[in-house]
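Student: One structure, pasted below without further comment.
The values are calculated or read from the model by the stated rules, or taken from the named source; none is laboratory data. Every value quoted in this text rests on a predicted model; they were computed, and no experiment measured them. Please note: Cβ atoms are built from the backbone with ideal geometry, for glycine as well, and neighbour counts cover all protein chains shown.
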């Protein structure tokens with residue numbers, strides 16, 4: 001993001017949302033005695049990734065580069 005590749009970062013967030021929705025990321029269950037890996041959707045993470053992707057997608061329209069920085 002330091003190179004202003006916001007749309008590319010948004011695509012990565014959508015990929016992470018897909019993996020979380022499929023249960024491949026953030027899908028652990030914490031029990032009193034163990035931490036168990038499971039393959040089920042991690043919906044709070046999915047919505048967080050989707051929201052972050054949306055924010056990253058609109059940043060190019062609501063911001064402008066600094067005058068002293070060359071891209």
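Student: Given the criterion at pLDDT 90 or above and either part of a loop (DSSP other than H, G, I, E, B) or over 12 Å from the mean Cα position of the chain (by Cα) (or both), identify the matching residue among 39, 69, 58.
Tutor: Working: 39 fails: at pLDDT 90 or above; 69 fails: at pLDDT 90 or above.
Only one candidate passes the filter, namely 58.
Student: I'd like to verify a number: residues in region 18-33 that are under 18 Å from residue 51 (Cα atoms) and surrounded by 16 or more Cβ atoms within 10 Å (Cβ to Cβ), how many?
Tutor: 5
Student: Among the residues of region 1-34, which ones are under 28 Å from residue 59 (Cα atoms), in a loop (DSSP other than H, G, I, E, B) and touching a helix residue (DSSP H, G or I) at 6+ places or on another chain (Cβ under 9 Å)?
Tutor: Correct list: 1, 4, 25, 26.
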